[in-house]
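The structure under discussion appears below in the form of structure tokens.
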Amino acid sequence: MRKSLLSKAVTAVCATVMCLGVTACGGNSSAKSDKSNSDSSSSSEKIGMHQIAGVTAKGELGKKPTVSFKTPMTVEDNSYVVLQKGDGAQIEDGDRVCSQGIAISVKDGSELASTWEKNTPDCSTVVTSDTSQMTENYYKIFKSLKLNSTVAFGLNDSNSSGTSYLMVLTLVSKSKDLKKATGEKVADIPADLPKVTLAKDGKPSIDMNGYKGSDSLISQDLIKGKGAVVKDTQSVVAHYTGRLLDGTQFDSSWDRGQSSAFSLDSVIKGWKQGLAGHTVGSQVLLVVPPSLGYGNKDQEKIPANSTLVFVVDILAAY
């Protein structure tokens with residue numbers, strides 16, 4: 001039911017570049033103004049990435065920086081430099097970090113893309129030592145930073161244009177993803193819907209309760225969360241279990257032991273329509289008719305023309 005935003009090989013900084021859409025490439029007061037960080041060579045060696053020289057940034061911490069360097073410049077992949085040391089909270093394990101970004105051509109210093117003007121920070125980065133989600137070097141870099149820090153990464157695209165650029169990220173906020181649905185249990189759930197019971201860890205069990213399905217989408221809160229409302233343009237982190245009407249389970253993130261992240265533009269229509277409008281922290285029962293699922297096509301363990309029943313815990317949205 002999911003399509004990961006990132007492959008295991010893609011680093012957090014590359015995810016941000018994709019969210020910025022660089023198609024050409026494939027704080028509070030004046031007292032809190034810019035603070036530069038000239039990392040020592042020992043720090044660079046400890047990180048294990050080449051440090052970019054000759055790049056500076058000015059401006060109020062947590063605001064769009066003015067980045068300067070002599071052009072043309074060359075950069076190596078897997079290179080970085082901390083341009084501003086932040087004054088906010090320390091980045092910790094498990095933090096989901098939101099970054100405003102600027103992609104700057106190293107050929108002529110032109111701005112290729114920016115999230116600042118429309119205030120659309122990318123929040124796909126989760127700081128974790130799990131190397132299937134973040135490389136060790138990027139983990140060390142992010143763990144060394146505080147909010148309002150600005151860090152630049154060197155990138156060279158392999159497209160026909162061969163664009164080389166700096167990806168300049170300012171860390172503007174952080175949060176922790178939920179582990180399971182939290183909120184108030186919903187009363188007066190229609191009695192004819194499948195029955196859901198929860199284990200102590202939040203894992204759901206589904207009793208079909210003689211349910212025969214629906215020709216239209218059903219999206220029923222079981223637990224009403226108190227978080228932000230999910231938009232159909234966002235990405236969602238969720239735990240979920242999916243079953244057929246005969247009770248056969250065909251998928252479960254709970255059984256894999258890890259929640260799933262996906263763009264609502266990359267999943268079946270029943271998920272996009274069914275999760276939009278609910279709040280983070282909610283648990284949602286989805287009944288997806290074939291027309292909003294996989295239609296008349298088999299899908300691994302799902303036969304053609306199947307009605308799908310899901311219990312989805314919305315753990316984050318960004």
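The values are calculated or read from the model by the stated rules, or taken from the named source; none is laboratory data. Not measured: the values here are computed from a predicted model. Every residue, glycine as well, gets a Cβ built from its backbone with ideal geometry; the counts of neighbours run over all protein chains shown. For accessibility, only protein heavy atoms count, side chains too; no ligands or nucleic acids. Shrake-Rupley method; radii C 1.70, N 1.55, O 1.52, S 1.80 Å.
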Distance in nm between pseudo-label sites at residue 200 and residue 255 (7 Å out along the Cβ direction from Cα): 2.3 nm
Unsatisfied cross-links (Cα-Cα over 23 Å) in the set 200/301; 174/231; 180/297; 179/269; 107/143: 200/301; 180/297; 179/269; 107/143
Rounded to whole Hz, the Karplus (6.51, -1.76, 1.60) HN-Hα couplings of the stretch 299-309, x for glycine and proline: 9, 6, 7, 9, x, 4, 6, 8, 7, 10, 10
Sum of -39500 (n - 2.57) over DSSP H runs of 4+, divided by residues of the chain (222 nm, nearest 500): -3000 deg cm²/dmol
Solvent-accessible heavy-atom area per residue, rounded to whole Å², over the stretch 177-317 at 1.4 Å: 48 Å²
Residues of the stretch 155-198 with amide N under 16 Å of the 7 Å Cα→Cβ point at residue 207: 189-198
Hits among aspartates and glutamates - C-alpha to C-alpha of residue 46 under 20 Å, sequence gap 8 or more where chains match: 76, 77, 92, 93, 130, 136
Charged-residue dipole, Cβ positions (Lys, Arg, Asp, Glu), the chain about Cα centre, Debye nearest 20: 440 debye
Phi to ³J(HN,Hα) by Karplus 6.51 cos²θ - 1.76 cosθ + 1.60 over the stretch 104-114, Hz, x for Gly, Pro: 10, 5, 7, 6, 9, x, 6, 8, 8, 6, 7
Probe 1.4 Å - accessible area at residue 288, Å² to nearest ten: 0 Å²
Residue-level accessible surface for residue 245, protein heavy atoms, 1.4 Å, Å²: 50 Å²
Apportionment of accessible area to carbon and sulfur, the stretch 129-249, percent (1.4 Å): 47 percent
Carbon plus sulfur fraction of accessible area for the stretch 42-122, probe 1.4 Å, in percent: 48 percent
Per-pair calculated FRET efficiency, R0 = 25 Å: residue 233 and residue 184 via Cβ, rounded to 0.05: 0.40
Considering only the chain, percent of DSSP beta bridges that pair antiparallel, nearest 5: 95 percent
Accessible surface of residue 195 - all protein chains present, 1.4 Å probe, nearest 10 Å²: 90 Å²
Sites residue 56 and residue 175, calculated FRET efficiency, Cβ-Cβ separation with R0 25 Å, nearest 0.05: 0.25
Ratio Rg/Rh, restricted to the stretch 107-229 and using Cα atoms, in which Rh is the Kirkwood radius: 1.14
Solvent exposure, largest accessible area first (probe 1.4 Å, DNA, RNA and ligands not counted), of 218, 104: 218, 104
Largest to smallest accessible area among 87, 255, 298, 95 [probe 1.4 Å]: 298, 255, 87, 95
Solvent-accessible surface ranking, highest first, for 282, 263 at 1.4 angstrom: 263, 282
Per-residue HN-Hα couplings for the stretch 214-231 [Karplus 6.51, -1.76, 1.60; θ = phi - 60°; Hz; x = Gly/Pro]: 8, 7, 10, 5, 10, 9, 10, 5, 9, 10, 9, x, 10, x, 5, 6, 6, 9
Estimated D of the stretch 274-318 in µm² per second, where Rh is the Kirkwood radius over Cα pairs and Stokes-Einstein applies at 20 °C, 1.002 mPa s: 184 µm²/s
